[in-house]
Number of protein chains: 2
Amino acid sequence: MKILIDTYGADRGEEVLVMGALRALEKRDFTPVFIGNKSKIQAELKDKKDQFEIIHTDEFIDNNEDPARAIRRKKNASIVMAYNMAKEDGNSGILSAGSTGALLAGGLFLAKRIEGIRRACLATSLPTKNGVTLLMDTGANMDTKAEYLEEFGLMGKVYLENVLAIKNPKIGLLNVGVEEHKGNKLTKETYKLLEKSNMNFIGNIEARDLLTGKANVILADGFDGNIAIKTAEGILSLLSKELKDVFYKSLANKIAAGIIKNDLKDMFASYSADKVGGAPLLGVKSYVYKAHGSSNQEAIENAILGLLDYMDKKVIEKIEGEIR
Amino acid sequence: MKILIDTYGADRGEEVLVMGALRALEKRDFTPVFIGNKSKIQAELKDKKDQFEIIHTDEFIDNNEDPARAIRRKKNASIVMAYNMAKEDGNSGILSAGSTGALLAGGLFLAKRIEGIRRACLATSLPTKNGVTLLMDTGANMDTKAEYLEEFGLMGKVYLENVLAIKNPKIGLLNVGVEEHKGNKLTKETYKLLEKSNMNFIGNIEARDLLTGKANVILADGFDGNIAIKTAEGILSLLSKELKDVFYKSLANKIAAGIIKNDLKDMFASYSADKVGGAPLLGVKSYVYKAHGSSNQEAIENAILGLLDYMDKKVIEKIEGEIR
């Protein structure tokens with residue numbers, strides 16, 4: 001299997017994408033195809049370069065461009081080339097840490113949507129203590145409709161049943177209260193649709209239960225899902241800084257910190273986004289994974305391993321089967 | 001000044017409301033008027049009962065009722081009595097830890113909106129490290145319009161200038177990215193309105209900056225604002241539990257924890273909602289403060305002190321002056 005890796009878009013540059021792919025290669029067999037600036041990619045690969053393919057391009061799409069327009073016009077942008085190659089050979093996955101808008105627009109205009117699915121969405125695995133929770137959507141769609149959220153639920157169910165072998169996953173709806181009548185127009189409409197569906201709908205989930213593992217899928221408009229995960233990231237990073245301040249406050253604290261430092265690091269690492277590394281873009285006809293712009297090597301490694309699982313289990317075909 | 005205290009609605013019952021008011025009385029002069037079950041209130045007050053007024057009622061509105069309907073029909077519900085009394089004497093504040101929906105419906109139907117203000121909103125003070133940040137709205141309005149958010153900004157500005165003496169407060173907009181074109185229909189429209197306004201609009205604020213003090217007011221639809229604060233609460237409570245697990249992991253960790261325990265407690269306390277205790281319901285013609293259902297005595301004490309400041313500074317008149 002080939003993984004087409006867009007080497008533009010990561011905050012730390014080509015290095016994390018190339019080294020992340022090398023790390024993934026130690027665990028799984030696949031062919032990385034790096035799409036980007038050839039000399040920079042080669043500089044990272046050093047003497048190992050013959051194990052890979054490199055497709056050179058100097059063009060890319062950044063966060064400040066209109067994604068739909070850029071996807072249509074920039075034929076040689078790394079992400080456009082990746083989508084076209086994936087479509088041509090039919091058996092390649094795409095990994096990008098670049099613009100979410102461009103990745104989504106490419107999915108819609110180049111890969112195209114799965115028949116019967118009206119919107120694609122990002123399914124982000126949350127770092128829960130108990131079990132697995134996917135938050136869907138985390139930013140692909142703003143101003144979502146109830147029927148789209150229902151489709152996200154269906155795709156999440158198929159994904160979890162196949163990739164993670166979770167039978168009849170629990171589907172919840174992100175809301176401001178647990179009671180049925182709570183929420184905005186969107187959540188009230190979605191609640192009614194989900195109640196009538198064949199899914200294992202367990203009702204509204206409050207944002208304070210985001211990481212407590214109550215549901216396997218938490219459905220949300222992309223705006224709200226994004227607010228939720230970014231709030232969570234912000235608080236985690238703030239508290240980790242605050243803890244450091246406490247540790248350096250006195251000599252006694254420094255000594256105490258020395259004792260518990262490693263256990264604390266492990267605890268924070270269990271909530272790190274790098275553990276998962278990326279999120280599948282569900283609903284399009286190519287296997288696409290979005291990595292964080294701020295990804296490190298570990299995040300890219302884990303994103304590629306996740307993407308390979310997603311491809312192995314032929315989730316796109318399974319979703320097509322479920323929709324028909 | 002009288003503070004009309006709805007003694008129904010707090011998860012821990014009459015005790016936190018009565019004892020919280022007693023604590024506030026040690027710092028400020030006012031008359032608590034407890035509205036609720038007389039014998040339960042008296043049981044908490046014990047021998048101090050002659051320093052207060054008690055208005056007996058057995059009726060109240062809970063979270064499962066349709067708030068607008070209940071406000072209209074339940075003439076003797078504690079919150080309805082509070083609103084009617086506040087209106088009658090014109091110089092009393094209202095504190096409630098009960099149903100937000102009922103508080104809002106009472107504001108709209110009994111106190112009425114300030115002329116020129118189309119929606120009331122809850123302005124929650126966030127526990128930031130640097131300076132003051134109000135998140136507006138945190139749950140009074142679902143499906144907000146851009147013009148309402150602009151009005152929230154104006155009310156936030158008047159509140160901060162008067163109650164906290166912050167000159168020309170920085171107004172931000174909660175969004176999924178800092179770029180102007182990011183977001184949903186609501187945030188894009190609101191961005192344009194705020195740009196044209198006379199307020200000190202500093203642009204979009206990402207949810208990861210909720211507690212970093214970048215803006216003095218963060219404007220949000222009540223659904224989104226509620227998702228953000230509840231996510232933050234959830235993560236704070238989760239991490240505080242996780243830390244306890246780390247501390248009990250080994251004897252060495254227990255010893256280390258003993259050393260830093262107090263500093264850690266202080267750190268977590270600085271992020272506790274109890275520090276502020278409540279949020280003003282801005283936009284209605286009565287001085288109303290909403291306390292958390294899960295409030296403890298400290299939270300109620302601080303909510304009452306905040307409410308007294310809000311009344312002292314005659315913020316409602318100032319908002320009326322600003323609107324004209």
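Side notes on the structure shown:
- Taking the listed residues A:ILE41, A:ILE5, A:ILE61, A:ILE79, the one that is assigned to a loop (DSSP other than H, G, I, E, B), touching a residue at least 24 places away in the same chain (Cβ under 8 Å) and of a type in the set (Val, Ile, Thr) is A:ILE61, with no other qualifying.
- Any hit, the range A:92-108, residues being in contact with a Lys or Arg (Cβ under 7 Å, 6 or more places away or on another chain) and surrounded by fewer than 19 Cβ atoms within 10 Å (Cβ to Cβ): no
- Entry remark, the range A:221-242: residues being crowded, with 19+ Cβ neighbours inside 10 Å and more than 7 Å from chain B (Cβ to nearest Cβ) number 4 in total.
- Sole exception among (1) more than 30 Å from A:GLU14 (Cα to Cα); (2) within 14 Å of chain B (Cβ to nearest Cβ); (3) assigned to a helix (DSSP H, G or I); (4) in contact with a helix residue (DSSP H, G or I) (Cβ under 7 Å, 6 or more places away or on another chain) for A:LEU174, by number: (3)
- B:ASN204 fulfils the conditions (1) of a type in the set (S, T, N, Q); (2) touching a strand residue (DSSP E or B) at 6+ places or on another chain (Cβ under 7 Å); (3) more than 14 Å from chain A (Cβ to nearest Cβ) except for a single criterion, (3).
- Qualifying residue in the range A:258-273 (condition: over 17 Å from B:LYS261 (Cα atoms), out of contact with any Asp or Glu (no Cβ under 8 Å at 6 or more places or on another chain), assigned to a strand (DSSP E or B) and more than 8 Å from chain B (Cβ to nearest Cβ)): no
- Candidate set from the range B:181-201 (those that are farther than 17 Å from A:GLY234 by Cβ and facing chain A (nearest Cβ under 10 Å)); member that is surrounded by the fewest Cβ atoms within 10 Å (Cβ to Cβ): B:LYS185
- Residue that is nearest to A:ALA111 (Cα to Cα) [pool: residues in the range A:40-81 that are out of contact with any helix residue (DSSP H, G or I) (no Cβ under 8 Å at 6 or more places or on another chain) and buried (at least 19 other Cβ atoms within 10 Å of the Cβ)]: A:MET81
- Residue in the range B:135-149 that is in a strand (DSSP E or B) and either open to solvent by less than 10 Å² (accessible area, probe 1.4 Å) or polar (S, T, N, Q) (or both) present: yes
- Once the range A:243-257 is narrowed to residues that are at the interface with another protein chain (Cβ under 8 Å from one of its Cβ atoms), out of contact with any Lys or Arg (no Cβ under 7 Å at 6 or more places or on another chain) and hydrophobic (A, V, I, L, M, F, W, C), the residue that is surrounded by the most Cβ atoms within 10 Å (Cβ to Cβ) is A:ALA256.
The values are calculated or read from the model by the stated rules, or taken from the named source; none is laboratory data. Since the structure is predicted, the reported quantities are computational estimates derived from the model, not experimental observations. Quick reminder, even Gly has a Cβ in these numbers, built from the backbone with ideal geometry, and neighbours come from all protein chains shown. All accessible areas refer to the heavy atoms of the entire protein, side chains included, with ligands and DNA or RNA removed. Shrake-Rupley method; radii C 1.70, N 1.55, O 1.52, S 1.80 Å.
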